[in-house]
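Inspection log for the structure reproduced underneath, given as structure tokens.
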Amino acid sequence: MAYTLGIDIGTYETKGVLVDFEGRVVAQAARGHQMLVPRPGWAEHRPEEDWWGDFVYVCQTLLRDSGVDPHDIKAVACSAIGPCMLPVDAQGTPLMNGVLYGVDGRAEAEVRELTDRIGEDVLIDRCGNVLTSQSVGPKILWLKRHRPELYAQTAHVLTSTSFLVQRLTGEVVIDHYTAANFAPLYDVERLDWIDDLADDILPLQKLPRLMWSGEIAGEITQAAAAATGLAPGTPVTAGTIDAAAEAFSVGVDQPGDMMMMYGSTIFIILRAAERVADPRIWYAPWLFEGEHASMAGLATSGTLTHWFRDQIARDLDPSTAFPALAEEAAASPPGANGLLQLPYFSGERTPIHDVHAKGVLFGLNLTHTRGDMYRALIEGIAYGTRHVTETFAEIGQSPQRLLAVGGGTQNRLWLQATSDITGIDQVVCEKATGASYGDAFLAALAIGAVDRSDILTWNPATETVSAQSHDVYRKSYTLFRRLYEQTKDIAVEIS
């Protein structure tokens with residue numbers, strides 16, 4: 001038998017799968033971790049414990065539970081949350097916690113300064129994206145200014161996937177899809193690092209070597225083999241961000257295909273026929289040379305449901321709280337009896353790019369129940385999602401096919417409310433394993449064991465969630481948009 005291994009590091013959980021060349025999952029494993037919020041607007045992970053420690057644990061668990069001979073694992077691929085910013089020294093040792101993706105807004109001042117200096121038009125033309133809390137370049141400049149002693153020790157700036165690949169192979173690499181988030185240090189036309197827009201951020205030799213996600217970055221070293229149980233010499237791909245691997249896991253491979261990932265955040269990827277330039281969304285080269293992707297993401301989605309469970313539903317058993325809350329919310333009608341929720345608990349990413357945006361629960365009276373509040377929370381996330389899908393439509397990029405994936409697809413209320421509020425049907429595939437499954441397929445693809453089209457047989461579509469019309473949603477969405485506009489100045493003042 002022959003297998004590939006895929007492991008993904010998420011915001012709150014690491015998941016791994018062993019898959020044979022027919023797409024059958026022979027073993028799964030997972031391990032949870034926390035997102036650290038040392039101060040409002042910051043978000044971090046511990047790279048040794050949460051990234052490498054989880055990878056080792058999940059890998060060892062998969063090998064133990066499956067009984068698979070490590071030599072029968074023909075390739076390994078990993079993905080992780082991103083884009084992250086992690087400075088490491090010459091030995092590859094982390095110098096601080098990993099600074100997370102767009103939920104971390106610590107570099108707001110650097111975003112403003114670089115934008116003013118370079119100009120939005122130049123950034124869109126050269127880098128494909130304006131600078132936001134998602135951008136890594138400003139966070140490196142923040143490191144230089146606020147942690148100069150660590151900056152001085154920095155040999156490389158990695159992202160989460162780069163860190164894992166370096167631990168496994170000794171190679172310092174990054175895929176182009178992830179690198180596009182390093183604006184203003186990456187040119188989307190040249191597909192290369194640049195410093196002519198801002199030469200004061202970081203010497204380019206301290207950035208990883210650029211590769212495509214389907215390429216082999218290196219092989220498992222003796223040290224990595226001793227830690228993980230994998231066989232020395234096993235090929236390892238360059239890897240990618242979790243959302244891209246998740247999109248590939250459900251067959252997002254043709255122009256017009258769109259993934260909606262229900263995870264800690266809602267993340268959307270559209271396989272575009274050509275490069276799309278709009279400051280409200282993100283652009284990146286896709287996983288393969290000559291292909292394109294447009295992306296969007298909310299800042300808090302599944303994270304918000306966890307917050308509600310932990311703060312508002314402490315009386316419920318955490319292991320069964322979500323089904324119980326869904327049942328309570330199902331007793332509340334569409335529109336949540338007049339409640340509106342702005343889901344901006346960590347600011348907001350696309351399309352408003354507002355780090356000061358705040359969460360709001362509006363319209364409360366003494367008749368409202370916890371079920372109303374939870375339904376309003378779910379609908380608030382769905383209204384934010386509609387704001388994104390409307391933005392795609394405005395730039396002529398409406399999806400031809402929308403595929404839903406991620407743990408949140410198990411929340412039928414959330415899934416149905418999203419279709420109803422956006423007016424878009426969603427396709428659900430047989431396996432909702434997610435990014436780790438996409439990693440396993442990309443590993444098989446990298447060694448020539450499968451063709452790209454084989455993902456359709458690995459993970460066939462099994463269900464369509466059809467949009468249902470509700471008049472209340474049309475009115476409530478308009479009020480949702482107005483509520484943000486009428487509170488955003490207050491949000492800045494209380495930041």
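The values are calculated or read from the model by the stated rules, or taken from the named source; none is laboratory data. Please read these numbers as outputs of a predicted model, since none were measured by experiment. Please note: Cβ atoms are built from the backbone with ideal geometry, for glycine as well, and neighbour counts cover all protein chains shown.
Check the stretch 141-151 and report whether any residue there is touching a helix residue (DSSP H, G or I) at 6+ places or on another chain (Cβ under 7 Å), assigned by TED's automatic domain parsing to the domain that holds Ile194 and either part of a loop (DSSP other than H, G, I, E, B) or of a type in the set (Val, Ile, Thr) (or both).
No, the conditions are met nowhere in the stretch 141-151.
Does Asp65 count as in contact (Cβ under 8 Å) with a residue 12 or more places away in the chain and assigned to a loop (DSSP other than H, G, I, E, B)?
Criteria not met by Asp65.
Quick check, is Leu197 surrounded by 23 or more Cβ atoms within 10 Å (Cβ to Cβ) and in contact with a Lys or Arg (Cβ under 9 Å, 6 or more places away or on another chain)?
Answer is no for this residue.
Quick check on this structure: which one of Arg31, Arg39, Arg64 is of a type in the set (Lys, Arg) and at pLDDT below 95?
Arg39
I'd like the full set of residues that are closer than 16 Å to Trp193 by Cβ, in a helix (DSSP H, G or I) and not hydrophobic (A, V, I, L, M, F, W, C), limited to the stretch 110-137.
Listed by number, the residues that qualify are Arg126, Gly137.
For the condition assigned to a helix (DSSP H, G or I) and of a type in the set (A, V, I, L, M, F, W, C), what is the one hit in Val17, Val58?
Result of the check over Val17, Val58: Val58.
Starting from the stretch 23-41, keep only residues that are under 16 Å from Ala435 (Cβ atoms), then list their pairs with residues that are in a loop (DSSP other than H, G, I, E, B) and of a type in the set (Phe, Trp, Tyr) whose Cβ atoms are within a distance under 7 Å, requiring at least 6 positions of separation or different chains.
Qualifying pairs under 7 Å: Gly32/Tyr12; His33/Tyr12.
Consider the stretch 10-28. How many of its residues are touching a strand residue (DSSP E or B) at 6+ places or on another chain (Cβ under 7 Å) and surrounded by fewer than 22 Cβ atoms within 10 Å (Cβ to Cβ)?
Total meeting the criteria: 7.
Looking at (1) crowded, with 24+ Cβ neighbours inside 10 Å; (2) within 16 Å of the chain's Cα centre (by Cα), which is the only condition Lys139 fails?
Result: Lys139 fails condition (2) only.
Restricting to the stretch 361-371, count the residues that are part of a helix (DSSP H, G or I) and either surrounded by 24 or more Cβ atoms within 10 Å (Cβ to Cβ) or of a type in the set (Gly, Ala, Ser) (or both).
Residues that pass the stated criteria total 1.
Scanning the stretch 345-391 for residues that are within 22 Å of Pro40 (Cβ to Cβ) and among the basic types (Lys, Arg), which turns out modelled with the lowest pLDDT?
Filtering the stretch 345-391 for residues that are within 22 Å of Pro40 (Cβ to Cβ) and among the basic types (Lys, Arg), the one modelled with the lowest pLDDT comes out as Arg349.
List the number of the failed condition for Gly214; all other conditions in (1) part of a loop (DSSP other than H, G, I, E, B); (2) more than 20 Å from the chain's Cα centre (by Cα); (3) under 21 Å from Phe288 (Cβ atoms) hold.
Only one criterion is unmet by Gly214, namely (2).
Go through Thr228, Thr240, Thr221 for me and flag whichever is of a type in the set (Val, Ile, Thr) and in contact with an Asp or Glu (Cβ under 6 Å, 6 or more places away or on another chain).
Within the list Thr228, Thr240, Thr221, the selection yields Thr240.
Out of (1) buried (at least 16 other Cβ atoms within 10 Å of the Cβ); (2) touching an Asp or Glu at 6+ places or on another chain (Cβ under 9 Å), what's the single condition that is false for Leu483?
Single failed check for Leu483: (2).
Against the condition under 28 Å from Pro279 (Cβ atoms) and assigned to a loop (DSSP other than H, G, I, E, B), how does Gly384 come out, does it pass?
no
Could you please give the count of residues in the stretch 445-475 that are in a helix (DSSP H, G or I), more than 28 Å from the chain's Cα centre (by Cα) and either surrounded by fewer than 13 Cβ atoms within 10 Å (Cβ to Cβ) or among the small types (Gly, Ala, Ser) (or both)?
3
With respect to Phe288, determine if the residue is buried (at least 24 other Cβ atoms within 10 Å of the Cβ) and either in contact (Cβ under 8 Å) with a residue 24 or more places away in the chain or not in a loop (DSSP other than H, G, I, E, B) (or both).
In short, no.
So for the stretch 82-94 (the condition being buried (at least 19 other Cβ atoms within 10 Å of the Cβ), in contact with a helix residue (DSSP H, G or I) (Cβ under 6 Å, 6 or more places away or on another chain) and either among the acidic types (Asp, Glu) or closer than 20 Å to Thr433 by Cβ (or both)), does at least one residue qualify?
Yes, that holds for at least one residue.
Residue by residue through the stretch 203-229, note down the ones that are out of contact with any strand residue (DSSP E or B) (no Cβ under 6 Å at 6 or more places or on another chain) and over 25 Å from Phe248 (Cα atoms).
Pro203, Gln205, Thr221, Gln222, Ala223, Ala224, Ala225, Ala226, Ala227, Thr228, Gly229
Can you find a residue in the stretch 418-432 that is under 28 Å from Leu164 (Cα atoms), crowded, with 24+ Cβ neighbours inside 10 Å and in contact with a Ser or Thr (Cβ under 8 Å, 6 or more places away or on another chain)?
no
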